[in-house]
Amino acid sequence: MTLPDADLAGRPRSRLARIVPAGRPALSPLTLNLLVAAFLAASANFTYYTRVADYLAGRPLLIGVAGVLAYGAILFCISVFALPGLVRPVLAVALVLGAVASHFQERLGVVIDRDMLQNALNTTGNESRHLMTADFLLHLTGFGLIPAALVLWTRAKPMRWWVRALHYPLAIGLALALFFGAMMADYRSFSSMFRERREIASAVIPVTPIVAGVRFAKQKLVTANLVAAPIGLDAHKGPRILAAGKPTLTLIVVGETSRAANWSLGSYDRPTNPELARRDIVYLDKVTSCGTSTAVSMPCMFAHYGMEQHSETAARSHQNLLDLLKQTDFDVQWFDNNTGSLGIAARLPETRFKPADEPNACALGECTDMVFLPTLDRLLAGITRDTVIVYHQIGSHGPAYYLRYPESFRPFPDDCRSGDFGACSPEQITNAYDNTIAYTDLFLATLIDRMGAQDRVAASMLYVSDHGESLGENGLYLHAAPYFMAPEVQTQVPMVLWTSPAYRRAMGLDQDCMKRKAAGLAGKASHDEVFHTLLGLADVTTSLHNADLDLTTGCHG
């Protein structure tokens with residue numbers, strides 16, 4: 001007889017062996033799917049249940065049915081991918097994915113959709129590091145890595161191969177039965193809820209990130225072999241720029257994460273734009289962005305077809321404004337202090353700054369936007385023909401706002417000095433963000449002053465941000481919310497136009513006319529104006545030019 005505290009050979013069992021059952025538990029594929037789906041439904045969907053409870057307030061039974069509905073959707077998603085022989089690895093990945101997605105959804109209000117996956121791929125190492133907070137790592141370990149390890153630790157329950165194979169359709173069938181059974185319990189209420197509050201359906205994890213991953217992969221397959229067709233083959237320089245008498249410079253500054261709501265040139269009550277307020281500029285307030293992420297907005301604003309028709313397929317199928325200007329005999333270059341041009345400058349010279357390039361502007365291991373200034377000085381001294389330069393800022397990119405400006409530059413001093421918003425008060429987060437806006441204000445004013453201080457080049461500048469930012473309003477932080485649910489602070493951005501006196505004389509531009517026009521367009525203009533205004537600013541004639549979307553239209557003398 002074997003004693004309870006001895007192994008089969010009669011040796012005493014260790015204390016650990018008495019606690020941990022001998023051997024790994026044997027579970028069938030269906031049982032594993034059911035258990036993992038239950039864990040994900042319970043641990044990763046707090047936001048979903050909160051939104052459901054808000055919409056179905058006072059109807060507790062229906063709220064419970066909504067939980068069954070979510071469970072069915074989760075079970076279906078993981079079961080479809082859990083093919084025979086891959087059950088444990090697939091479920092382990094689903095658990096880790098659920099932990100990651102639920103952390104960012106619950107802490108920052110982030111939805112992991114297709115655009116967010118594109119943003120993740122474009123994210124630099126420094127940006128990723130700021131998101132790897134202690135809170136995130138603890139959440140990932142407790143709700144992702146440990147459960148995934150437990151799933152991998154289990155072993156397959158012995159059964160005939162055909163019985164095991166039947167578990168795959170059985171799990172999918174059970175999931176569909178649960179989902180549609182719950183849906184039909186009160187179809188009218190649930191269909192209305194998901195139609196009116198699309199953010200509720202998008203909160204089901206890991207369903208949303210899994211569906212996003214499938215859509216992302218499909219999009220990449222569709223666009224992989226696309227060739228960008230030339231546009232504006234009829235484009236040519238107009239008479240004004242040909243008769244300018246000196247080379248022209250058009251500087252395009254693509255801002256990052258700058259929301260119009262925090263610009264004092266608009267209606268913000270804090271002095272975030274003291275420098276630009278003292279310059280002779282044209283300010284266009286509350287411009288509607290193409291998207292809520294750089295990956296969407298930046299290719300869109302350089303495209304000719306407009307934001308309503310924008311897609312990754314459209315962007316990759318056509319060349320863009322910069323290509324058009326290059327073929328019209330402009331010297332076009334791209335300089336980047338962010339994530340790169342995202343293919344916009346694929347056929348152009350592109351320079352990306354590194355901390356070693358300009359140590360004075362990169363003291364904290366990441367470069368502030370003052371890294372552009374030496375380049376501008378060299379360009380101004382060497383330009384011999386009409387030139388278009390793009391500066392892609394780091395601007396107000398979060399969550400580490402405090403790295404976007406020097407510590408000595410803090411007009412709003414009680415600022416958040418961390419990339420972990422949980423370590424800061426709402427006021428400190430806002431102060432740090434406002435410091436980034438004030439630093440962009442100083443940066444743009446410095447560009448204007450340096451271009452205006454020389455007379456060998458007729459210079460102009462157009463600044464526009466790619467998208468805005470959430471600072472905790474309604475539980476949202478950062479950006480990249482799906483456009484259907486994005487707040488205005490993520491979709492309304494500032495635009496600034498500056499022209500030197502020499503440029504205005506050469507192009508016959510009336511500054512007061514442009515100011516009046518911009519004032520009338522506040523809240524009405526969009527990123528669509530960028531393409532056509534830059535054509536007008538550079539005096540390029542083409543059938544693609546839409547005069548109604550050109551801020552210079554009607555302001556030429």
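The values are calculated or read from the model by the stated rules, or taken from the named source; none is laboratory data. Since we're looking at a predicted model, the values are computed, not measured. Note that each Cβ is placed from the backbone with ideal geometry, even for glycine, and that neighbours are counted across all protein chains shown.
So the values come out like this:
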read-out	value
Scan of the stretch 132-146 for residues that are closer than 20 Å to ALA400 by Cα, touching a residue at least 12 places away in the same chain (Cβ under 8 Å) and surrounded by 12 or more Cβ atoms within 10 Å (Cβ to Cβ), ordered by number	THR133, ASP135, PHE136
Scope the stretch 353-375; condition under 30 Å from LYS237 (Cβ atoms) and out of contact with any helix residue (DSSP H, G or I) (no Cβ under 8 Å at 6 or more places or on another chain); matching residues	PRO374, THR375
Meets criteria (over 17 Å from the mean Cα position of the chain (by Cα) and part of a loop (DSSP other than H, G, I, E, B)) for GLY523	yes
Enumeration of residues in the stretch 155-177 that are within 41 Å of the chain's Cα centre (by Cα), of a type outside the set (A, V, I, L, M, F, W, C) and at pLDDT below 95	ARG155, HIS167, TYR168, PRO169
Matching option when the condition is in contact with a Gly (Cβ under 8 Å, 6 or more places away or on another chain), among the small types (Gly, Ala, Ser) and in the same structural domain as SER189 (by TED's automatic domain parsing), among GLY67, GLY98	GLY98
Pairs, first in contact (Cβ under 8 Å) with a residue 24 or more places away in the chain and under 17 Å from GLY452 (Cα atoms) in the stretch 363-392, second basic (Lys, Arg) and assigned to a strand (DSSP E or B), C-beta under 8 Å, six or more apart	ASP386/LYS237
Only listed residue being closer than 18 Å to THR553 by Cβ, among the hydroxyl-bearing types (Ser, Thr, Tyr) and assigned by TED's automatic domain parsing to the domain that holds PRO426, chosen from TYR477, TYR483, TYR503	TYR503
Only listed residue being buried (at least 16 other Cβ atoms within 10 Å of the Cβ), among the small types (Gly, Ala, Ser) and under 19 Å from THR31 (Cβ atoms), chosen from ALA101, ALA94, ALA73, ALA149	ALA94
Residues that are within 15 Å of ARG197 (Cα to Cα), small (Gly, Ala, Ser) and surrounded by fewer than 19 Cβ atoms within 10 Å (Cβ to Cβ), drawn from the stretch 46-70	ALA53, ALA57
Test: ILE112 is touching a residue at least 24 places away in the same chain (Cβ under 8 Å) and in a loop (DSSP other than H, G, I, E, B)	yes
Unique match (being under 23 Å from LEU178 (Cα atoms), part of a helix (DSSP H, G or I) and assigned by TED's automatic domain parsing to the domain that holds ILE200) among PHE76, PHE104	PHE76
Which listed residue is in the same structural domain as ALA42 (by TED's automatic domain parsing), under 33 Å from the mean Cα position of the chain (by Cα) and more than 23 Å from LEU56 (Cα to Cα), from LEU152, LEU138	LEU138
Residues (assigned to a loop (DSSP other than H, G, I, E, B) and closer than 20 Å to ALA244 by Cα) located in the stretch 526-557	ALA538, ASP539, THR542, THR552, THR553, GLY554, CYS555, GLY557
Filter result for the condition that a residue is outside the structural domain of SER418 (by TED's automatic domain parsing), over 19 Å from VAL151 (Cα atoms) and surrounded by fewer than 19 Cβ atoms within 10 Å (Cβ to Cβ), over SER28, SER128, SER43	SER128
Of all residues making up the stretch 400-453, the number that are within 17 Å of GLU275 (Cα to Cα) and among the hydrophobic types (A, V, I, L, M, F, W, C)	12
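Every residue, every condition in (1) farther than 26 Å from LEU97 by Cα; (2) in the same structural domain as PHE46 (by TED's automatic domain parsing); (3) surrounded by 13 or more Cβ atoms within 10 Å (Cβ to Cβ), yes or no:
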| residue | (1), (2), (3) |
| --- | --- |
| TRP162 | yes, yes, no |
| TYR168 | no, yes, yes |
| LEU174 | no, yes, yes |
| PHE190 | yes, yes, yes |
| VAL204 | no, yes, yes |
| VAL207 | no, yes, yes |
